[in-house]
Amino acid sequence: MTEVTAKDSDFGDKVHISSHPVISHKITTLRSSTTRCGTFRAVLRELTYHLGYEATSRLSTKPVQISVPVKTHEGEKHVDHTGQKLVERVALIPILRSGQGMVEAMTELLPNAAVHHIGMYKVTGANPVQYYNKLPRQCDADVAFILDPSIITSQTTMSVIQILKKWGVKEIHVISVLASRSGLRAIVEKHPDVYFSLGAIDEVTETGELLPGMGDAGDRQFGTVAADEDEEELMHPSRRKRTLSEAL
């Protein structure tokens, strides 16, 4: 199964799909069913760093005066220099649990960025359910980077985008390794002001899975097995109560 080819222009000027050969190579490693969880985590981190490097090119800077040590024949002296300093306040928004594996690479790029976790889980035939939200009451960022290894049906990503817009952040940028063509298009149509940095475009199956995809990114990072419907209800009591009340 080959990857779907797509040009940035297919989705507008705010979507960047990397064509870098190293990224393509690393995505192939993530896709492979023989890749163990330790390697999967390491490669996801590497991919995040590369995609994040491209995504942060939109950040702006302002001049800052510094002194630089310079060795001369008379000894070391300090020379004045005008450097550059990032202007925007940045927040990283990993979508739990799979987005957690992308945080370390982004904090290497942006060590002063705030990290605010949002937890979502999917419910068959319904909108995603938010079970965790650590956004502060007052918006503390000018730019928010949503971190999620894959965009499939778009519902989870759009839910988080709506949460962040309500929070009041000025600019939103999604960083993801894989995105489905249909999911990405749905987000772009509803949120044309959101930026994207992506590794590749896949198709989505009738059962809502990326093809070829990379499996469940959370399970593959942490070496767990996907829960079935009964286990999901046990893990989310609020969902179980809602199901019981509907039955009554």
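Figures for the structure shown
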read-out: Relative contact order of region 72-127, defined on C-alpha pairs under 8 angstrom at six or more residues apart (%); value: 37
read-out: MRE, 222 nm, helices only [DSSP H, n ≥ 4, -39500 (n - 2.57), over the chain, to nearest 500]; value: -10000 deg cm²/dmol
read-out: Cross-link pairs beyond the 18 Å C-alpha cut-off, checked among LYS134/LYS165; LYS14/LYS85; LYS14/LYS134; value: LYS14/LYS85; LYS14/LYS134
read-out: Normalised contact order of the chain, rounded percent, pairs of Cα under 8 Å and 6 or more residues apart; value: 22
read-out: Cα-derived Rg to Rh of region 138-221, Kirkwood definition; value: 0.99
read-out: Folded to 0 to 90 degrees: helix 181-190 orientation relative to the chain principal axis, Cα; value: 70
read-out: Simple Cβ-charge dipole of the chain, Lys/Arg +1 and Asp/Glu -1, about Cα centre, in debye nearest 20; value: 600
read-out: Sites excluded, GluC sites (Glu not before Pro) in DSSP loops with at most 13 other C-beta within 10 Å, longest stretch of the chain; value: 75-205
read-out: Taking THR153, THR39 and counting other C-beta atoms within 10 Å, the order from fewest to most; value: THR39, THR153
read-out: 12 Å cut-off, amide nitrogen to a point 7 angstrom out along ASP142 Cα→Cβ, residues in region 163-206; value: 170-171
read-out: Exposure proxy order (Cβ contacts within 10 Å, fewest to most) of MET102, MET158; value: MET158, MET102
read-out: Globularity ratio of the chain, using Cα Rg and 2.2 N^0.38 Å; value: 1.15
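Read-outs: derived from the displayed coordinates by stated rules, not from any lab. Quantities reported herein were computed from a predicted structural model and do not represent experimental measurements. Cβ coordinates were reconstructed from backbone atoms using ideal geometry, including for glycine residues, and neighbour counts include every protein chain displayed.
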